[in-house]
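J.: I have a structure I would like to understand better, so I am pasting it below and will then ask my questions one at a time.
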Amino acid sequence: MKLLFYFVLVTSFCSAQNTLSLAENAVPPKASLADASFMTGHWKGQDFGGTTEEIWTAGEGNSMLFTFRLVIDGKVNFYEIGHIIEDGDSLLLQLKHFGGDLKGWEEKEETEDFKLVKKEANKIYFDGLTYEKVNENELNAYVLVKNKDGTQEEMKFNFKRQ
């Protein structure tokens, strides 16, 4: 079950509707944390057979911190902790995964890194991961995942402000 939810984001081109990929050797667009500020808040949803929860802090110290958890049948399936940082003139989203027992999935020095691809007023596209402000009380996250069989699909998380 871990593999189903393990967010192995792919940097190759795909036909997903809401996720984009940064072309090899392309320069990410200019952006600042203000471009992602619409994500700030405490968000909850009901997706993938459980309760999803994401908390984003306001930008401070050159970063926006976030936590994520998925709870299925009263037990934590996994956590994520990460941030968006200003990286040169652009943004970079980095995260690490942890099982419900807090054992890390990535190696100690490794992170999953997502370069900025595009920004819009209410939507921000990282390589394989997109956040969309639907309205003041609703946020969507789209993530490109690699399934066990090697196929790719785009998954959607829908969150409501808490």
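J.: Right, Glu154: surrounded by 13 or more Cβ atoms within 10 Å (Cβ to Cβ) and out of contact with any Asp or Glu (no Cβ under 9 Å at 6 or more places or on another chain) or not?
T.: Numbers: surrounded by 13 or more Cβ atoms within 10 Å (Cβ to Cβ): yes; out of contact with any Asp or Glu (no Cβ under 9 Å at 6 or more places or on another chain): yes.
Against the criterion (surrounded by 13 or more Cβ atoms within 10 Å (Cβ to Cβ) and out of contact with any Asp or Glu (no Cβ under 9 Å at 6 or more places or on another chain)), Glu154 qualifies.
J.: Closer than 11 Å to Ala31 by Cβ and of a type in the set (Lys, Arg): which single residue out of Lys96, Lys118, Lys75 fits that description? Outline the logic, then answer.
T.: Working: Lys96 fails: closer than 11 Å to Ala31 by Cβ; Lys75 fails: closer than 11 Å to Ala31 by Cβ.
The match here is Lys118.
J.: Take the residues of segment 46-69 that are in a strand (DSSP E or B) and of a type in the set (S, T, N, Q): which is surrounded by the fewest Cβ atoms within 10 Å (Cβ to Cβ)? Steps first, answer last, please.
T.: First, pick out the residues of segment 46-69 that are in a strand (DSSP E or B): 46-47, 50-56, 60, 63-69.
Subset that is of a type in the set (S, T, N, Q): 46, 51-52, 63, 67.
Numbers: Gln46: 12, Thr51: 15, Thr52: 20, Ser63: 16, Thr67: 15.
Per the stated criteria, the residue is Gln46.
J.: Ok, one more. Search segment 137-153 for residues being farther than 15 Å from Met39 by Cα and part of a strand (DSSP E or B), and hand back the single one that is nearest to the chain's Cα centre (by Cα).
T.: Val143
Okay, residues lined up against (1) farther than 22 Å from Val134 by Cα; (2) in contact (Cβ under 8 Å) with a residue 60 or more places away in the chain:
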{"residue": "Met39", "(1), (2)": "no, yes"}
{"residue": "Lys44", "(1), (2)": "no, yes"}
{"residue": "Ala58", "(1), (2)": "no, no"}
{"residue": "Asn62", "(1), (2)": "yes, no"}
{"residue": "Ile85", "(1), (2)": "yes, no"}
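J.: Only one residue in His83, His42 is farther than 22 Å from Asp127 by Cβ and assigned to a strand (DSSP E or B), so which one is that? Reasoning before the result, please.
T.: Details: His83 fails: farther than 22 Å from Asp127 by Cβ.
Checking each option against the conditions leaves just His42.
J.: Here's a follow-up. Let me spell it out: the conditions are (1) surrounded by fewer than 16 Cβ atoms within 10 Å (Cβ to Cβ); (2) more than 17 Å from Thr57 (Cα to Cα), and Phe126 meets all of them except one. Which number is the exception?
T.: Just one mismatch for Phe126, condition (1).
All of the numbers you see were taken from the coordinates with simple rules; none came from a lab. On a predicted model such as this, the values are computed, not experimentally measured, just so you know. Here the Cβ is made from the backbone with ideal geometry for all residues, glycine too, and neighbour counts use every protein chain on show.
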